Every structure is written in C-alpha cells, then in structure tokens.
Amino acid sequence: METRQVNLEDANQQLRQFATVVNTDHAVRQIDSREHLRVGIDLGTSSIVLTVLDTENRPLYGAFEYDHAVRDGIVVNFMESVEILKRLKTKAEKVLGTVLKTACGAIPPDTGDGATKIVGNVIEAAGFDCRQIVDEPTAAATFLQIESGTVIDIGGGTTGVSIFSQGKLMEVLDEATGGFHMTLVLAGYFHISSEEAEALKRDPKRETEVFSIVRPVVEKMAMIVLNATKIPTNEPVIVVGGAINFTDFVTTFSKTLKMLAQKPEFPQFVTPLGIAMYDHD
Ligand SMILES: Nc1ncnc2c1ncn2[C@@H]1O[C@H](COP(=O)(O)OP(=O)(O)OP(=O)(O)O)[C@@H](O)[C@H]1O
Ligand SMILES: [Mg+2]
C-alpha cells in the first residue's frame, strides 16, 4: 500500500518565517502591548528553545541556547535550565517590548508525573505562569496538522516515535538514540573530540563526506523504529528533529523503513512551535 503524503506547505512557510528571526534580536512584526502572546518552551537534550506566537498561531519570535541541562529528555540540572530560560525570557521581552506572562512546556511521552512537575517548576522558576505541559509528539503533530499517521522526532539524545489515529495518540516509543550518536561515530572515525565532530557534522561544505560516514547510524535508527513499532503503512510518516538536517536523510531513512517519509523544513523547530500553540485559555 502507498504511504499517504501530507501537504507541508503551510507548516514550511511558518518554519521558514520563524527561521528568519530565531536568535536575531528581531521579531517578525511589531507587537501591540495589549496583545496576548503564546509562548512555548522546549527543554531539549541539545538546546533550550523559546518560541513566541500570536493568537493566530503565527510565529513572532524565537531564541535558543545550547545546553547540557537535560539528558535523555529529562531535566538533570535544574538551576542551569532556569538560568538559561531566564536569559531567553529577558531577551525576548526586550525585543518584543512586552512582558511574557504565560508559557507551555513539554515532556517526552510516558516520562511520568515527575518529569511534568520538573518542567513546570523550571518554567515557573524562570518567571512564567505555566499553563500546560503537553507531550512532545502531540505538540509536533498539532503544528503539522496531522490527525492520523506517525511522527518520528530525532533529537540530540532521543528518538521518539508516536502513532496517531484521528487525533489520538495510540502508541509511543522512546529510544536513546539521536544526533549525538552520529557525532560519536564521526569523532571515532576521525579521531577527534566530540566538540570538533559536532562542528564537522554541521559543516555544509563537508555534508557529502559526513553523511557517507553517518549513513549506517541513520539506517540503524530506521531499523529500531521498524522493529519496535507497527507503523500504519498507508498513513503519513513525518520525521522531525535537528538530527535529520542532512539532504539525504529522508531518502536513506525511507529506504530502510520501506515507507516514504516526509520532512518539513527546519525540522528542529517543529516541536517548539507546536508547544506554544497550547498557551491559551
Ligand atoms: N545542521 C545540522 N546538521 C546535522 N545535525 C544537526 C544540525 N543541526 C542540528 N543538528 C543535530 O540535531 C540534534 C539536536 O536536535 P533537536 O534540537 O531536535 O534536539 P533536542 O530537542 O534538544 O533533543 P531531544 O529531543 O533529544 O531532547 C543535535 O544532535 C545536533 O547535532
Ligand atoms: Mg526535542
């Protein structure tokens, strides 16, 4: 059976717009101080991202900082997370000329009440009124407007697979593999530090060479997904997360999966933007 494809044009347009302002000290447009803004906070393994949308869910502003305060999707350094988030909040308020009062956060699925509490506490300690903690794949699916299908989020340290049917999350899987494993493979191959390998991995001039070395990691990721879950073969399969930022990622991944996966532009911002969509009454 053919894998159904979704139209990602709307999502891509929002992602492109968000990408033009992220970490630039600019907003997409001027804000009226009476406007209600929606704030999303993604405490990731690789970075902490803050996103701001208007009430129509249009991206206004975004910023992130790399961090090591979260491991395998769980906050391991509370104070560091709070400090980073406070900095991001102060910067955002300066650019937008308004106070950000509320925010939403997210956790990987099935991480339990403890994780929800910690993420909520980080957000509150940074000075927000935390309105809701959602699960990450649901946030991604909401942003992508996926009712039925599979969302695969490959971040720094985790790969999450979430199967949706008519808007309901039916099955989740979380595996401890992600972009960091690609970095480790590169570090081993070139006998360099993981910091050097991380920079090499992101160097667009070296992409062809880098991808030929990390290709087996991508195939392994697809095998893990294939063996651990029963993905509906006729519904869309969307891959998101920073680790998929290679031109040939989706082709390689789809081949092993034997399903035609789709990738939005700037896939690392899908979940953070989806989280902000929940910051309303
Ligand atoms: N241009 C790029 N090329 C290759 N890899 C990239 C690129 N940009 C980011 N990455 C990788 O993406 C990963 C981070 O992705 P993402 O921001 O989705 O993770 P996260 O949400 O912080 O982590 P997690 O979801 O695992 O908690 C890192 O391993 C990083 O090296
Ligand atoms: Mg993530």
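The values are calculated or read from the model by the stated rules, or taken from the named source; none is laboratory data. These numbers were taken from a predicted model, which means no experiment stands behind them. Because the Cβ atoms are built from the backbone with ideal geometry, glycine has one as well, and the counts that use them run over all protein chains shown. Side chains included, ligands, DNA and RNA excluded: accessible areas come from the protein's heavy atoms. Shrake-Rupley method; radii C 1.70, N 1.55, O 1.52, S 1.80 Å.
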Could you give the nm distance between label points at T256 and S194, where each point is 7 Å from its Cα heading toward the beta carbon?
2.0 nm
Calculate the spin-label point distance for N77 paired with D10, positioning each point 7 Å from the Cα along the beta-carbon direction, and give it in nanometres.
4.0 nm
Counting only protein chains, not ligands or nucleic acids, how are S47, S162 ordered by accessible area (probe 1.4 Å), most first?
S47, S162
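Express in % the proportion of alpha carbon pairs of the chain at distances exceeding 34 Å.
16 percent
Computing the accessible area with a 1.4 Å probe over protein heavy atoms, can you report the carbon and sulfur percentage for segment 146-267?
Working: 3150 of 5740 Å².
That fraction is 55 percent.
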Pulled fully out, how much extra length does the chain show between K94 and E265, if you take 0.36 nm times their separation in residues and subtract their Cα-Cα distance?
58.8 nm
Quick check: with the 1.4 Å probe, what order do I152, I31, I74 take by accessible area, largest first?
I74, I31, I152
How many angstrom lie between the Cα centre of segment 220-279 and the Cα centre of segment 138-161?
7 Å
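Taking a threshold of 29 Å on the Cα-Cα distance, which of the pairs K91/K168; K94/K168; K230/K263; K168/K255 fall above it?
K91/K168; K94/K168
Averaged per residue, what accessible surface does the chain expose to a 1.4 Å probe, in Å²?
Numbers: 13290 Å² over 281 residues.
Averaged over the residues of the chain, the accessible area is 47 Å².
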Taking Cα atoms, how many degrees apart are the long axis of helix 112-125 and the longest axis of the chain, rounded to 10 and kept between 0 and 90?
40 degrees
